[in-house]
Every structure is written in C-alpha cells, then in structure tokens.
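Right, one structure below, let's go through it.
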Amino acid sequence: MTLQSMTGFARSEGSCGRYRWAWELRSVNGKGLDLRLRLPAGLEGLETELRDIATKSLSRGNIQAGLSVSASEVKMEAVVNRDALDAVLALKRDLSDAVSDAPLSFDTLLSVRGLVEFREPEESADAQEARNRDVINGFTAAIEALKAMREREGGALFGVLSSQIDRIEQLTKGIEADPSRQPEQIRARLAAQIALVADGSSGLDRDRLHAEAALLATKADLREEIDRLNGHVAAARELLSSGVPVGRKLDFLAQEFNRESNTICSKSNASAVTAAGIELKVVIDQFREQVQNLE
C-alpha cells in the first residue's frame, strides 16, 4: 500500500437490464473510517457487503457514497384486488331488489377505490440478483478509483513532507553547529557574566557563583533536544517509506517535534539559535498541517 491522502472523488456508472445506476463517492479527512451510504429503497440489504468492500481498501476518511438507480423504460401492470371485487359483487346481489340488475360496467369497477391498482411489475429473483451484483461491482470499481486518486494525492504529499523533514534536519544541524554551543564560547560567556556580577558585589562567594553558573550551563545545554530531533527525523522518514497508513503516527511525531523546538527556544541564549528554533516551529506547524491530510 502506498501513501494515501484522505481527500478524493470517484464516479462509477453502468446498466443492467432495464436499469441504469451510478455511484458517486466523496472522501474528506476523518479520525477513522466513516462510510455513509445513501441507497435507494429496496437496496438496503447490500449495506453490509458494501462496507466490507470499503474497509479492505481504506482505513481512514469520512466517505459519502451515494447510489442512484433509474429504469430506462417504465412497465405497468394492473393488479385486481379479488377480495374487494367479490365484496362488490356480493353487495350487488344482496341489493338486487333495490338496484338495477344490469351488469356492472368496466368504468364503474375502475371507479371503486382499491379495486384495481396499477404498479410496476416485480422483478424476478434472478433479475434482482443480477442488478444487485452489478451495483456491487460498480461500487468496487468506484472504491478502487477513489483509492487511486487518494494515492496520487498521497504521492504529492510525500514530496512535500519529505522536503519539510529535510528542512527540519537542516535547522537541527544548524543549531548543533552554532558557535554559541562551543565549549570555549560557553566558558567565555559565563566568565564575562560572572565577572560582571562579582565586580558589583564583593560579598558573593566566588566558588558558589561558579558552581551555580556551571549548573545553569548544564541545564541550558541542547544536546538532548538535538538528539531527539535527529531521532524523530529518522523515524518520520521510515514511516513515510513504510507503505502503510501512517497519518496518526506522523501526527504524534509532529507533536514531539514541536515539544523539542519549544524547549530549544526556551533554553537558547544566542540569537542565531533562537531564530533557528522559531523557524523550526514554523516548519513543524506546516508539517503537521499536511499530515492531517494523510490516511
């Protein structure tokens, strides 16, 4: 299975006997697979099989699937309510002494409500089975077409997400290589700050001051955040190439990316690192927005 988006459209149509049918499928983002079927009266019994077909090809997305069926020619048949006819004739006999003995005319019989009903003839069981099977095959074709469209969009998203992951990696490497993180730079900056504080207050314990400065320097180190970002980059690339639905996992990774970038910005004591951290947050937000479209 290749990468799929959750948006797409597909149509499938055909005919069977005197019936024409058409499927229209629309798919948008969703937390799970939500298939909403709109079936004409009399075809509700197909729903279970249709759902089984959809779940074999799709795992996420809100899908609207509508079926329309029309008859190319309308046939009608007259159905006589025999019980009603017998009742009318019996009444005429019972009232023979009060009404004319002339035979009832055809027009009179037609005017009796419920005596004759005009309706479409019922299809034979074989004809219904053939139509239903054709409709199901059409749904399968529509699902495959929808899947193909989602895969095309997924291919485009693959390129976008890959470039965003590359940018996250570049920014992470830039933060790692920033001169402000070099030991000599850290020592010089701390020494200047300690000297500034010590010169202004003769009562400070210089050894205690150095110990506190070392502790602050340790807390401000970005090594763990950088290592975790590199690990997340590797995991994201592996997921994109796995060939299975990865939308939820990538969404979780985007949250982890964001957590590390926030920590970097809060720990940063250099303008270049802060700027890179802010850009990192922007790229991660864009990455997460695109991930929302993935199956």
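The values are calculated or read from the model by the stated rules, or taken from the named source; none is laboratory data. Predicted model, so just to flag it, every value in this text is computed and none were measured. Here Cβ is always computed from backbone atoms with ideal geometry, including for glycine, and neighbour counts include all displayed protein chains. Note: areas computed on protein heavy atoms with side chains; ligands, DNA, RNA excluded. Shrake-Rupley method; radii C 1.70, N 1.55, O 1.52, S 1.80 Å.
What single numbered condition from (1) assigned to a strand (DSSP E or B); (2) loosely packed, with under 13 Cβ neighbours inside 10 Å fails to hold for residue 52?
(1)
So, in region 85-134, how many residues would count as being modelled with pLDDT of 80 or more, surrounded by 11 or more Cβ atoms within 10 Å (Cβ to Cβ) and within 30 Å of residue 15 (Cα to Cα)?
The number of residues fulfilling the criteria is 8.
Can you name the residue in region 279-291 that is closer than 20 Å to residue 5 by Cβ and without any contact (Cβ under 8 Å) to a residue 60 or more places away in the chain and, of all such residues, is surrounded by the most Cβ atoms within 10 Å (Cβ to Cβ)?
Once the filter is applied, the top-ranked residue is 288.
So in region 21-38, with the set limited to residues that are aliphatic (A, V, I, L, M) and open to solvent by less than 40 Å² (accessible area, probe 1.4 Å), which one is nearest to residue 153 (Cα to Cα)?
Per the stated criteria, the residue is 25.
Identify all residues within region 39-48 that are at pLDDT 95 or above and surrounded by 14 or more Cβ atoms within 10 Å (Cβ to Cβ); write none if there are none.
Answer for region 39-48, where residues must be at pLDDT 95 or above and surrounded by 14 or more Cβ atoms within 10 Å (Cβ to Cβ): 39, 46.
Given the conditions (1) modelled with pLDDT under 95; (2) under 19 Å from residue 153 (Cβ atoms); (3) among the β-branched types (Val, Ile, Thr), and given that residue 63 satisfies all but one, which numbered condition is not satisfied?
Among (1) modelled with pLDDT under 95; (2) under 19 Å from residue 153 (Cβ atoms); (3) among the β-branched types (Val, Ile, Thr), residue 63 violates only (1).
State all residues of region 1-20 that are assigned to a strand (DSSP E or B) and open to solvent by less than 40 Å² (accessible area, probe 1.4 Å); if no residue qualifies, say none.
Selection gives 5, 8, 10, 12, 14, 16, 19.
Find the residue count for region 235-278, including only residues that are in a helix (DSSP H, G or I), touching a residue at least 60 places away in the same chain (Cβ under 8 Å) and surrounded by 16 or more Cβ atoms within 10 Å (Cβ to Cβ).
9
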